1. Considering only segment 53-66, I want to know if a residue exists there that is over 12 Å from ILE29 (Cα atoms) and assigned to a strand (DSSP E or B).
2. Quick one: ALA41 ticks every box in (1) assigned to a loop (DSSP other than H, G, I, E, B); (2) in contact with a helix residue (DSSP H, G or I) (Cβ under 7 Å, 6 or more places away or on another chain); (3) touching a residue at least 40 places away in the same chain (Cβ under 8 Å) bar one, so which box is it?
3. Being hydrophobic (A, V, I, L, M, F, W, C) and not assigned by TED's automatic domain parsing to the domain that holds PHE150 narrows it down to one residue among ALA9, ALA101; which is it?
4. When you scan segment 302-325, do you find a residue that is part of a loop (DSSP other than H, G, I, E, B), crowded, with 17+ Cβ neighbours inside 10 Å and modelled with pLDDT of 90 or more, even just one?
5. Would you check if there is a residue in segment 165-179 being over 28 Å from HIS98 (Cα atoms) and either in contact with a Gly (Cβ under 7 Å, 6 or more places away or on another chain) or not small (Gly, Ala, Ser) (or both)?
6. Please tell me if THR43 is out of contact with any Ser or Thr (no Cβ under 9 Å at 6 or more places or on another chain) and assigned by TED's automatic domain parsing to the domain that holds LEU71.
7. Take segment 11-25 and flag every residue that is touching a Ser or Thr at 6+ places or on another chain (Cβ under 7 Å) and surrounded by 14 or more Cβ atoms within 10 Å (Cβ to Cβ).
8. Yes or no: LYS192 more than 18 Å from PHE180 (Cα to Cα), among the basic types (Lys, Arg), free of Cβ contacts under 8 Å to residues at least 24 places away in the same chain and in the same structural domain as GLY288 (by TED's automatic domain parsing)?
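The values are calculated or read from the model by the stated rules, or taken from the named source; none is laboratory data. The shown structure was predicted, so the numbers you read here are calculated from the model rather than taken from an experiment. Because the Cβ atoms are built from the backbone with ideal geometry, glycine has one as well, and the counts that use them run over all protein chains shown.
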Amino acid sequence: MKLSALSNALGTHLENGSPDIEITGVAGIEAAGPGQLTFLANTKYSRLARSTRASAVIVAENFPPLDAPMLRSKNPYLAFARALELFYQPPRYAPAVHPTAVIHASARLGPGAHVGPYVVIQEDVQMGANAVLLAHAVVYRGAKIGENFFAHAHAIVREFCQIGSNVVLQNGVAVGGDGFGFAKDDRGQWRKIVQSGPAVIEDDVEIQANACIDRASVGETRIARGTKIDNLTQVGHGSRVGEATLLCAQVGLAGSTEVGNHVILAGQVGVAGHCKIGDGVIATAQSGIPSDVPPGAVVSGYPAIDNKLWLRCVALFARLPEITRWLSKTARLNPQAKRGL
């Protein structure tokens, strides 16, 4: 694809380059070579942009000039994502049902379905048009699924769960597994609490590998429209996650957690049960959230506190031995100060 055509397709402004340069692919800025497109959004790494062998670089509108051809964009990362779509086409799956698939007679699949080897679709399942279920995917009885559903190998949708349109389940996802609910009886034994409520996944959600969305004991567990859930994430029973939220790798939500819209919980964030996380909250990696967080807050650490305060605290940790020695010396030299400590 010529650079001028690529620039038009991405909605960028071509600067400092021939429009007839042929672009054959995309690559990271350090690995890119002639004929490839790369991107850079952060001026912190501008030295890489000056040394790259790529034939063109997507940059922000205010990025300093480069010798290489530039495609200026308001959102370089998004432009690069669109470029990837132009140069990489994922496999397409023709409508077909593999002979080893088991589909109950009462199940209803829309037109255009691709059902792979050893897929199991149980009774009373309803599924919209253009579903793709790859090997060993399983849909339990009574599940209702919208259009353009894509279930990778070994994804599971449990009984009576509801899934909207344009939902992707990556390998090993479990939607609607039993929530972790047990009550201790008079003999001190744990008695299982029936998990009767479904998991509900709204439109345009993607859930990545080996994440678990538990069903509820009563009511429902709900993932709202446009939310993206990373690998190995746990959403506990009865939780609700708002629209366009990101749950990054290994996030854990205990039961009945409420997460607002446009929230970002970075890797390994843990949230205690029955907490409310307001709209627009950002929790940095490995934060532990034991209580409610107001809308718009940026929090870090455990227990999670304001991010700026946390950074100041972290800066002091390495100096604690020095501070302790200073305080001890001060107390020895000034007994009056010791009594005040």
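1. Applying the first criterion (over 12 Å from ILE29 (Cα atoms)) to segment 53-66 yields 60-66.
From what's left, assigned to a strand (DSSP E or B): 60.
Within segment 53-66, one or more residues are over 12 Å from ILE29 (Cα atoms) and assigned to a strand (DSSP E or B).
2. So the condition that ALA41 fails would be (3).
3. Checking each option against the conditions leaves just ALA9.
4. Here is the first cut: in segment 302-325, the residues part of a loop (DSSP other than H, G, I, E, B) are 302-304, 318-319.
Then keep just the ones that are crowded, with 17+ Cβ neighbours inside 10 Å; that gives 304.
So of that shortlist, the ones also modelled with pLDDT of 90 or more come out as 304.
Within segment 302-325, one or more residues are part of a loop (DSSP other than H, G, I, E, B), crowded, with 17+ Cβ neighbours inside 10 Å and modelled with pLDDT of 90 or more.
5. Pass one, segment 165-179, residues over 28 Å from HIS98 (Cα atoms): 178-179.
If we keep only those that are either in contact with a Gly (Cβ under 7 Å, 6 or more places away or on another chain) or not small (Gly, Ala, Ser) (or both) as well, we get 178-179.
Taking every residue of segment 165-179 in turn, at least one turns out to be over 28 Å from HIS98 (Cα atoms) and either in contact with a Gly (Cβ under 7 Å, 6 or more places away or on another chain) or not small (Gly, Ala, Ser) (or both).
6. Spelling it out, THR43 is indeed out of contact with any Ser or Thr (no Cβ under 9 Å at 6 or more places or on another chain) and assigned by TED's automatic domain parsing to the domain that holds LEU71.
7. THR12, LEU14, ILE21, ILE23
8. Details: more than 18 Å from PHE180 (Cα to Cα): no; among the basic types (Lys, Arg): yes; free of Cβ contacts under 8 Å to residues at least 24 places away in the same chain: yes; in the same structural domain as GLY288 (by TED's automatic domain parsing): yes.
No.
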